[in-house]
Amino acid sequence: MAKKSKTPKKSRFGNPAKAAADTAATTNVVSFTDAVAKRTLEPLLPGFTSWMGQAGVDAEEIQRLSDLLMNFFKNYAQSIPAPEAGNLDVELTSRILDSAGGFHPEMRAAVSLALNSYLKFLLTTGSWLGTPAQLQQLITMTEPKAALAANSKYAQRVSRPFLTPGESAASAEELVFVHRATALLAWIGEGREVTTSGLLKRKDIQAAAACVDKNAVGSATRAATPGAGHDAPMPMTSMTQLPRLMDYWRALADAELIHVSRQRVTVTGLGRVFQSDPDERARYAVMLAYFLAYDVLVPYDDDNPKSPVRTEIAEILASAASSHPPETSTVLGKTPVGDRRDYTAVLVETEIRRLAAEGLVVIGSHLVVPPVLRHAVEQLLRLLDEHIVKHSRGSRMPSKATYQLRVQIDGITPPVWRSVNVPAEFGLDELHETIQCLFAWNETHLHEFVIGTHPASVRYAPDNLELDHWGEPPLDEQGVPLDTLLGLALDTFSYSYDFGDDWQHTVSLTKILPAAGPGILPQCVAGSGHPPQEDSAGPHGWMEKIAISQDPSDPEHRHIRDWLGLRKGQNIDPAAFDKALVNKRLAALRTVQ
C-alpha cells in the first residue's frame, strides 16, 4: 500500500503548491480585506521583486512567490484590520502556516518559502519594524527545514475537539476495550493467584480469556481434543499464547489498574475507580488506550523507528485522528487476502484491524479515531516523532560550519564555564543534551531556552501539553537549529535548568570555525570550575555548601560533607576542571554526520 503522503488525493483546487497563488485570480470581486492586504504590501512589493531578481531568482518564480505572499497578507488582514508590511505578529503567522499545512503539506512549504524570502528582504534592507527577536523567530519558523519538520511530525496533525465531561464519559462507556477491561477487572475481583513470572495459572485462562472475548482453555498441551467442534476452546499451555489477553494484562498493569506480585494479582484503588465511577472512567480509558496501542506504534529502542510498517501505521493514525479522516477504501483492502507481494501492506492492515477490534479506531466509510481517544493517540505519535528525530541525527547532512560556544553558569565564583564546539545546524534539543553533559547535570528537572531580551524574548522548551506555564507556553525546541537563531545581530542567549534552584546559563557564540569531520562533535575544548551538584539550592547554596565543607568549625560541616559524598581527606576544588571527563560524557552524543 503506497503512503498517502506520496500520492495525495487531488483537490478541487488542483496543484496544492499553486492553490494559494491561483486563488486570487479566480474571483472578480475584491473584498475589503483583499484591498487592505494589497494596500499594505504594494509599497514594498517592487523592492522585494527587485531584490529577488538581483539574487538570481527567475521571473516566473518571483511572480509565484509574490502571489503567495499577497495571499498570505490577505489571510493576515482578516485578523488584523491595520496590518504593517514590516511587522508581523508571530502567533498569527504561525496559525496561518498551520492552516496552510492543514490544507496540504506542500501548501505550507510554498507559503513558508515566500514568507521566508520576504522576511530576509526586510532584514537585509533594514525595513523590519518589529523587534530583532520577533524577526528571528519568524525566520526560524519559515525556514525550509522548519516547514519540513512541521509536515513530518505526525502528532501535529491530530485534531482534538472539545468534549464536556459528560460527553467524554458517554463516549468511554461505548468503547469495546473499556467493556473488556471492566470485565477482566471484575473477574480478578479480590485477587487471583499468579505464577512466579506474574502470569495467570492455566486453570484460570479460560475465564480470563472470556472477559476479552477469546475462547480458550488452559491445557498441558496445544493439541486440540479429538472430535471437538470448530467452536471448542483453543487449548493454551500459557496465557502468553493469547496476544489479546496479554495486551490487556500488560496495559492494565502499566496503567496501574492492577498490581501483579509474585503470588497474586489484585485490583488497585485506581482500578476500582475505573470500575465504579463513570465520570472518571473516560480519563482512565484514555490512559488504557495509550498502553494498548503502545507496542503497535512506539519502539522500545531506536533501532528503526522509521520502519515502513511503523511509519505507515503512524500516517494512518495521524490522518484518522485529524479533522479530515481518510476514506477507509483508500487505507484498507488494498492487498488481496493471501497476497504476500506487499508484505508491508499486509502487516499494516493487520495492525490497524487489530486496533479496530479493540475500538481504538472505528472502521466505517472513513477510518476515524474516536475523539475521546485522540489525546492518547497524540501522545503516542509525539513519542514516535521524538524517536524519529533522534534516530535521524545519525544521518545528518554534512555540516556547513562549526560554532564554538561558551556556556557559563551565572552567579558562581570562581566562574564555572565550558567552551564547546558543535555543528552550526545543532538543534536546541541537542544543545540541551550537550549542556547536561558539560556540567554533569542529571536531566531530572525542567529546562528552557530564552532567545532575546524581555519583553521581546522568545522561549523554547520541550513540547509537553501536560505542563503548565506562566503566560504564553514556550515554542517547541525540537529540531530548532542554532544557525537560524545566531547571526541575526544576536550572539548570546540563556538556558535555564531546574526552575526551583534556578541554574541560569549564559550561552555565547565566540567563534565560527570550518566544519568538523564525522563523529567529532560536540567536543569540549576548554573550561574552568567544578560543576555544582543537583538540588544544592542554586549558585548561592552551592558556594555556601563548598565553604561549609571546608570549615570544620561549622556545625553543619559533617552533614554537608556527607551530602556531598566526600570521604575523609577529600575536598572539592571549586576551580577544578577535567576536560577528558567532560568529553567522555559527550562521546555518547556524537553521531556520524
Distant-in-sequence amide H partners of His366 (H built 1.01 Å from N, under 5 Å): Thr328
Kindly put Leu113, Leu200 in sequence by how many other C-beta atoms sit within 10 Å of each C-beta, fewest to most. Leu113, Leu200
Counting only DSSP beta bridges with both residues in segment 165-373, tell me the antiparallel percent, nearest 5. 75
The long-range amide H neighbours of Gln78, using H built 1.01 Å from N in the peptide plane and a cut-off of under 5 Å, are none
Ranked output for segments 235-247, 75-87 by mean other Cβ atoms within 10 Å, highest leading, reads 235-247, 75-87
Within the under-13-Å Cβ sphere about Val420, not counting Val420, Lys/Arg +1 and Asp/Glu -1 give a net charge of +4
Charge tally for neighbours of Ser79 with beta carbon under 15 Å away, counting Lys, Arg as +1 and Asp, Glu as -1, is -3
The summed charge of the Thr195 Cβ neighbourhood (under 14 Å; Lys/Arg +1, Asp/Glu -1) stands at +4
Can you give the Rg/Rh ratio of segment 344-385, where Rg is from the C-alpha atoms and Rh is the Kirkwood radius? 0.99
Could you sort the peptides 314-325, 569-580 by per-residue average Cβ neighbour count (10 Å cutoff), highest mean leading? 314-325, 569-580
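Coordinate-derived values only; no laboratory data. The shown structure was predicted, so the numbers you read here are calculated from the model rather than taken from an experiment. Counting neighbours? That spans all protein chains shown, and the Cβs are built from the backbone with ideal geometry, glycine included.
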